[in-house]
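Asks: The following block contains the structure, expressed as structure tokens.
The values are calculated or read from the model by the stated rules, or taken from the named source; none is laboratory data. The shown structure was predicted, so the numbers you read here are calculated from the model rather than taken from an experiment. Please note: Cβ atoms are built from the backbone with ideal geometry, for glycine as well, and neighbour counts cover all protein chains shown. Remember, those area values only see protein heavy atoms, side chains included, never the ligands or the DNA or RNA. Shrake-Rupley method; radii C 1.70, N 1.55, O 1.52, S 1.80 Å.
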Amino acid sequence: MDVVMAEPGRVGQVGLADGRRLGWAEWGPADGVPVLFCPGAGTSRRLGFGADVVDTLGVRLISLDRPGLGASDPAPGRTLADWAADVAGFAAAAGVGRPAVVGFSQGAPFALACAAAGVVNAAALVSGTDELARPEVAARLEPQLRWLVASAEDDPDEAEAYFAQLDAGRLLHLVTSMSGDADRAVYEDPAFAGAFRRALAEGFAQGPAGYARDALLAMRPWPFDPGAIEVPVEFWYGGQDTSPVHSPDFGESLATRIPHARRHLLAEAGGALLWTHAERILTSLLRLTGALPPADQ
């Protein structure tokens with residue numbers, strides 16, 4: 001399998017109201033339809049997707065480093081709601097209005113927080129982490145993961161310190177060891193493997209604190225009601241995804257909690273379908289925003 005990867009065409013930082021800087025990277029035309037990207041666990045802004053389709057689709061893909069990762073300044077004690085405020089500040093500074101957003105894996109709760117806050121106009125969650133602390137979800141998790149979720153609730157400081165023991169190499173091993181055959185074909189693709197390693201190294205360049213905070217927030221109860229989300233949301237999962245940290249039912253129960261939500265389960269795909277099915281995901285998202293006509297027109 002050949003996975004098309006490319007270095008971003010533009011990179012930079014945006015200053016926020018509190019003086020912090022938020023790192024960003026872009027692919028596609030500068031005047032294209034803005035689509036923000038919330039990357040997965042520990043990876044920086046440089047791991048984009050759809051490099052072979054963004055120009056054709058007219059997508060301005062903008063990947064953002066969360067605080068403490070890559071080129072973004074840290075924000076100790078931050079919350080999911082704080083991230084939505086950061087995205088609103090970025091959107092205002094970049095002049096992109098209310099863009100669409102894509103959240104991959106651990107980036108999904110961050111994208112959903114933006115949807116709940118109304119700072120985006122549509123969302124696509126790809127191989128997204130579910131609300132793991134929700135009792136009916138936690139009950140279906142593997143014992144080790146269920147213990148971590150309980151720890152994040154009972155003693156968040158200790159849990160955050162536990163997550164801070166990981167570095168780029170350990171996280172790489174963790175991700176690849178949980179991958180099935182479909183995903184291993186992507187992670188072992190030379191182009192993807194090199195880009196993934198670079199993105200992890202950059203993500204941990206400031207140390208593990210940024211990743212540790214992300215992991216804690218992903219495992220604690222969400223501070224918003226998915227049922228109150230007013231923008232359209234799409235879920236994308238691969239039937240061959242073997243990762244225990246995504247969704248135990250491939251987003252089925254979560255999709256029922258969100259109005260205007262639609263779930264896609266691609267039986268032949270793995271958890272890395274953001275890189276194997278980028279055109280399909282982006283095309284569907286553009287239709288949600290009205291940038292493309294509905295499929296039946």
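Asks: What is the projected area of the convex hull of the Cα atoms of the range 47-182, averaged over all directions, in nm²? If you can, show how the numbers build up before the last one.
Replies: Values: hull surface 40.8 nm².
That works out to 10.2 nm², a quarter of the Cα hull's surface.
Asks: Tell me the net charge near Leu148. Cut-off is 12 Å between Cβ atoms, Leu148 excluded, with +1 for each Lys or Arg and -1 for each Asp or Glu. Write down the numbers at each step before the final one.
Replies: Working: positive: Arg146, Arg220; negative: Glu142, Glu153, Asp154, Asp155, Glu158, Glu160.
Here the count lands on -4.
Asks: Given the convex hull over the Cα atoms of the range 100-178, what projected area results after averaging over all orientations, in nm²? Before the final figure, lay out the partial values.
Replies: On the way: hull surface 25.3 nm².
Convex hull of Cα atoms, orientation-averaged projection: 6.3 nm².
Asks: With viscosity set to 1.002 mPa s and temperature to 20 °C, compute the Stokes-Einstein D of the range 135-203, Rh being the Kirkwood radius across alpha carbon pairs; µm²/s, no decimals.
Replies: Numbers: Rh = 14.0 Å.
The diffusion coefficient I find is 153 µm²/s.
Asks: Please label the shape of the chain as rounded, prolate or oblate, based on the square roots a ≥ b ≥ c of the eigenvalues of the alpha-carbon gyration tensor (a/c under 1.5 means rounded; beyond that, a/b larger than b/c means prolate, else oblate).
Replies: Numbers: a/c = 1.20, a/b = 1.14, b/c = 1.06.
In terms of gyration-tensor shape, rounded.
Asks: Another question about this same structure. Find which of Ala30, Ser127, Ile229 sits farthest along the positive direction of the dipole of the chain, computed with +1 on the beta-carbon of Lys and Arg, -1 on that of Asp and Glu, about the Cα centre.
Replies: Ala30
Asks: Amide H neighbours of Ala41 under 5 Å, counting only residues 5+ apart in sequence or on other chains, H built in-plane at 1.01 Å?
Replies: Result for Ala41 returns Gln106, Gly107.
Asks: Going toward the positive end of the dipole of the chain, with +1 on Lys and Arg Cβ and -1 on Asp and Glu Cβ, which of Gln206, Leu171, Gly19 do you reach last?
Replies: Gly19
Asks: Round to the nearest 0.05 the FRET efficiency obtained for His260 and Ala6 when R0 = 35 Å and r is the Cβ-Cβ distance.
Replies: Working: r = 33 Å, r/R0 = 0.93.
That pair, His260 with Ala6, gives E of 0.60.
Asks: So, one more: Rounded, prolate or oblate: which fits the range 212-268, taking a ≥ b ≥ c as square roots of the Cα gyration tensor eigenvalues, rounded meaning a/c under 1.5, else prolate when a/b beats b/c?
Replies: Values: a/c = 2.47, a/b = 1.07, b/c = 2.30.
Here the range 212-268 falls in the oblate category.
Asks: Moving on to the next point. Give me the one-decimal Kirkwood hydrodynamic radius in Å for the range 65-104, with the sum taken over alpha-carbon pairs. Show your work: numbers first, answer last.
Replies: Working: mean 1/r = 0.0903 Å⁻¹.
When all Cα pairs of the range 65-104 are included, the Kirkwood radius is 11.1 Å.
Asks: Please give the net charge around Gly50, taking every other residue with its beta carbon less than 11 angstrom from that of Gly50, where Lys and Arg add +1 and Asp and Glu add -1. Numbers along the way, then the final one.
Replies: Values: positive: Arg280; negative: Asp52, Asp55, Glu279.
Around Gly50, the surrounding residues sum to -2.
Asks: For Trp147, Trp24, what's the largest-to-smallest order of accessible area, 1.4 Å probe? Don't jump to the answer; show the numbers that get you there.
Replies: Details: Trp147 130, Trp24 45 Å².
Reading off the accessible areas and sorting them downward yields Trp147, Trp24.
Asks: Tell me the per residue accessible area of the range 168-297 using a 1.4 Å probe; a whole number in Å² is fine. Don't skip to the end; give the middle numbers.
Replies: Working: 5720 Å² over 130 residues.
The answer is 44 Å² per residue.
Asks: With all protein chains present, how much of the accessible area of the range 97-187 (probe radius 1.4 Å) comes from carbon and sulfur, to the nearest whole percent? Can you show the working numbers first?
Replies: On the way: 1930 of 3710 Å².
Summing carbon and sulfur atoms, their accessible area is 52 percent of the total for the range 97-187.
Asks: Which far-off residues, 5 or more places away or on another chain, put their amide H under 5 Å from the one on Arg262, with H placed in the peptide plane?
Replies: Distant-sequence amide H within range of Arg262: Val233, Glu234, Phe235.
Asks: Which of the three applies to the range 156-235, rounded, prolate or oblate, going by the alpha-carbon gyration tensor with a ≥ b ≥ c and a/c under 1.5 meaning rounded? Working shown, then result.
Replies: On the way: a/c = 2.16, a/b = 1.26, b/c = 1.72.
Oblate, since a/c reaches 1.5 and b/c is not below a/b.
Asks: Sticking with this structure for a sec: Taking θ = phi - 60°, what integer Hz values does the Karplus form 6.51 cos²θ - 1.76 cosθ + 1.60 yield along the range 21-26, in sequence order, with x for Gly and Pro?
Replies: Each residue of the range 21-26 in turn: 10, 10, x, 9, 9, 10 Hz.
Asks: When all protein chains stay in place, what accessible area (Å², nearest 10, 1.4 Å probe) is found for Ile281?
Replies: Using a 1.4 Å probe on the heavy atoms, I get roughly 0 Å².
Asks: Within a Cβ distance under 11 Å of Gly68, other residues only, what is the Lys/Arg minus Asp/Glu net charge?
Replies: Details: positive: Arg20, Arg66, Arg78, Arg213; negative: Asp65, Asp73, Asp214.
Result for the local shell: +1.
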